[in-house]
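What follows draws every value from the coordinates through simple rules; no lab data is involved. Worth saying up front: this structure is predicted, and the values here are computed from it rather than measured. Don't worry about glycine lacking a Cβ; one is built from the backbone with ideal geometry, like all the others, and counts go over all protein chains shown.
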Amino acid sequence: MRTSNPIFSRWGAARDTEPAHAQAHRPVGAAVGGRPAGDQLANPYAPGADASAGTARNAITMDDVLVRTGTTLGTVALTAVLSWLLLPVDEANLGRSYGLAGGAALVAFVLSMIQAFKRAPSPALILGYAAFEGVFLGVLSSTVSTYLSPGVVVQAVLGTFAVSAAVLLAYRMRWIRVDRRFAGFVASAATGFLLLLAADLLFSAFGAGNGLGFHSGGLGILFGVIGIVLGAAFLALDFKQVEDAVAYGAPREEAWLAAFGLVTTLVWIYLEVLRVLTLFNSDN
């Protein structure tokens with residue numbers, strides 16, 4: 001199983017396959033999951049793929065994914081709360097808190113990049129990423145709540161859970177067709193989104209004031225909504241990866257990669273929801 005989040009996508013294999021037990025009971029040429037077989041996303045743990053599937057004793061289960069995801073997400077939440085409480089954002093301590101938050105964000109990015117390019121999951125790297133990401137989120141959330149929009153953090157957390165629940169329901173009901181076309185479209189859209197974000201930062205850094213205008217007004221809200229939609233799409237891809245990993249008997253250690261992808265996507269959604277709610281509240 002690979003991680004498919006908005007930044008670190010490692011999807012891809014050479015074949016379109018399904019589990020052997022499913023093949024045995026499917027008529028030749030029949031659709032898979034209501035979709036044409038040729039449109040299916042490949043799974044690296046399918047029979048004949050390069051990676052070897054886990055043994056029955058050591059195969060990944062849904063409980064493994066839930067436990068690792070809960071541990072990783074809990075680490076983010078714990079360090080976020082602690083940083084909110086221990087790193088005040090009043091005028092006397094603002095510079096210090098911002099410096100620590102910026103340093104934590106940089107460390108989290110470096111750790112996530114290292115894990116993204118490792119072949120094997122490292123729980124230490126993943127939990128370290130979660131801890132430092134939590135510090136950044138805690139200071140950012142405290143700042144937004146204190147100076148821009150009181151109460152918006154609770155709304156953003158609830159909004160993130162609402163988006164996640166909606167995507168899970170849509171995925172389970174097969175209202176979302178997670179196939180090659182879907183993955184390609186999402187990857188292209190995310191690339192464009194990130195390029196626009198980078199351009200906005202460059203314009204802001206070199207004296208263009210508000211950059212491309214993605215930080216305020218209706219354009220900022222629209223940009224944030226697009227970010228939420230992209231995050232939701234990547235969450236559907238994450239669900240597909242988890243489902244495939246369990247179906248093909250991936251090694252149990254791959255549950256950590258699932259947790260890494262899911263938590264990174266949830267952080268993405270939270271930040272975009274926080275952006276939209278903050279801009280919306282400031283305009284009213």
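In nm, what is the difference between 0.36 nm times the number of residues separating residue 157 and residue 193 and their Cα-Cα distance?
This chain segment gains 10.7 nm when fully extended.
So what J values fall out for region 154-165 if you push phi through Karplus, 6.51 cos²θ - 1.76 cosθ + 1.60 with θ = phi - 60°, rounded to Hz, Gly and Pro as x?
The phi angles translate into 4, 4, 5, 5, 4, x, 4, 5, 5, 4, 5, 5 Hz.
Separation between the residue 109 and residue 96 pseudo-spin-labels, each 7 Å from Cα along Cα→Cβ, expressed in nm?
About 2.5 nm, to one decimal.
From the phi angles alone, apply the Karplus equation (6.51, -1.76, 1.60; θ = phi - 60°) to region 184-201 and give each ³J(HN,Hα) in whole Hz, x where the residue is Gly or Pro.
For region 184-201, the Karplus-derived couplings read x, 5, 5, 4, 5, 5, 5, 4, x, 4, 5, 5, 5, 5, 5, 5, 4, 5 Hz, x marking Gly and Pro.
Would region 123-277 count as rounded, prolate or oblate if I go by the C-alpha gyration tensor, calling it rounded below 1.5 in a/c and otherwise prolate when a/b exceeds b/c, oblate otherwise?
In terms of gyration-tensor shape, prolate.
Order of 60-72, 96-108 by packing, highest average Cβ count within 10 Å first?
Per-residue Cβ counts within 10 Å, averaged per peptide and sorted highest first, yield 60-72, 96-108.
Let me know the shape class of region 52-147, please: from the alpha-carbon gyration tensor, a ≥ b ≥ c as square roots of the eigenvalues, rounded when a/c is under 1.5, otherwise prolate if a/b is greater than b/c, or oblate.
Judged from the Cα gyration tensor, region 52-147 comes out prolate (a/c at least 1.5, a/b above b/c).
Lys/Arg Cβ at +1, Asp/Glu Cβ at -1, dipole of region 88-222 taken about the Cα centre: which of 185, 153, 109 is farthest positive-ward?
Checking the options against the dipole of region 88-222, the answer is 185.
Charges only on Cβ, +1 for Lys and Arg, -1 for Asp and Glu: so what's the dipole of region 54-282 about the Cα centre, in debye to the nearest 20?
Around 480 debye, computed over region 54-282.
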